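This report concerns only the one structure given below.
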Amino acid sequence: MKILRMLAFAALGALLSAAGAAWAQAGRQPVDWSAVSLESIGGGPLPTADYKGKVVLLVNTASQCGFTGQYKGLEALWRRYKDHGLVVLGVPSNDFGGQEPGTAEEIKRFCEASFDITFPLADKQVVSGPDAHPLYRWAAAQTRVLGTPQWNFHKILVGRDGRIIDWFSAAGGMGPKLERAIEAALTAKE
């Protein structure tokens, strides 16, 4: 009986995930990357206008989270696909569990020393609720509660056309579903 319940939940999860991806695209407004203003964790503005026509994996990060090891997988994705049009955009946030209390310099130093991070990192931002950064408010308007960050290392995949393709919870990790979605997005036409 326990196995049947597990199989039923797995099938339901797969169905909801597929429906969620289709729903994420339907009638959604694209992001205007040229209007997105984000400061780099190293200082100065991030070149967000350059993200137009690229696939962007938007990830809210935290240095003291149980999922912090996902930095390694994010860096691997960046190195593997950046020349094919992928931008991994890390957005440190202290929204969940107070797990990113450090300053910009402390976060930057941690990411570089611990995970050799070279993908773009924004300065620390609020990513949930009414005070969220405008980019995250846009994402929330597109996905409603289903696609908004509920914890650190929530991933939002934005296609070349600026529309949200799908989202991935932190618990989903860095698995093959995420990589397949990235590969499909990279080969899709704008």
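The values are calculated or read from the model by the stated rules, or taken from the named source; none is laboratory data. The shown structure was predicted, so the numbers you read here are calculated from the model rather than taken from an experiment. Methodologically, a virtual Cβ is constructed for each residue, glycine included, from the backbone with ideal geometry; neighbour enumeration extends over all protein chains shown.
Under the condition of being without any contact (Cβ under 8 Å) to a residue 60 or more places away in the chain and crowded, with 16+ Cβ neighbours inside 10 Å, which residue from the stretch 146-171 is nearest to Pro30 (Cα to Cα)? By that ranking, first place goes to Thr148. Taken together, the residues in the stretch 55-65 that are under 14 Å from the mean Cα position of the chain (by Cα) and either of a type outside the set (Val, Ile, Thr) or assigned to a loop (DSSP other than H, G, I, E, B) (or both) amount to 4.
Here Arg160, Arg109 are screened, and the one residue that is among the basic types (Lys, Arg) and touching an Asp or Glu at 6+ places or on another chain (Cβ under 8 Å) is Arg160.
Out of Ala19, Ala26, Ala8, I need the residue that is over 24 Å from Ile164 (Cα atoms), loosely packed, with under 13 Cβ neighbours inside 10 Å, among the small types (Gly, Ala, Ser) and at pLDDT below 95. Which one? Result of the check over Ala19, Ala26, Ala8: Ala8. Considering each residue of the stretch 106-115 in turn, none proves to be closer than 22 Å to Pro30 by Cβ and not basic (Lys, Arg). Scanning the stretch 139-176 for residues that are under 14 Å from the mean Cα position of the chain (by Cα) and among the basic types (Lys, Arg) returns Lys155, Arg163.
Summed over the stretch 59-73, the residues that are hydroxyl-bearing (Ser, Thr, Tyr) and within 11 Å of Trp151 (Cα to Cα) give a count of 1.
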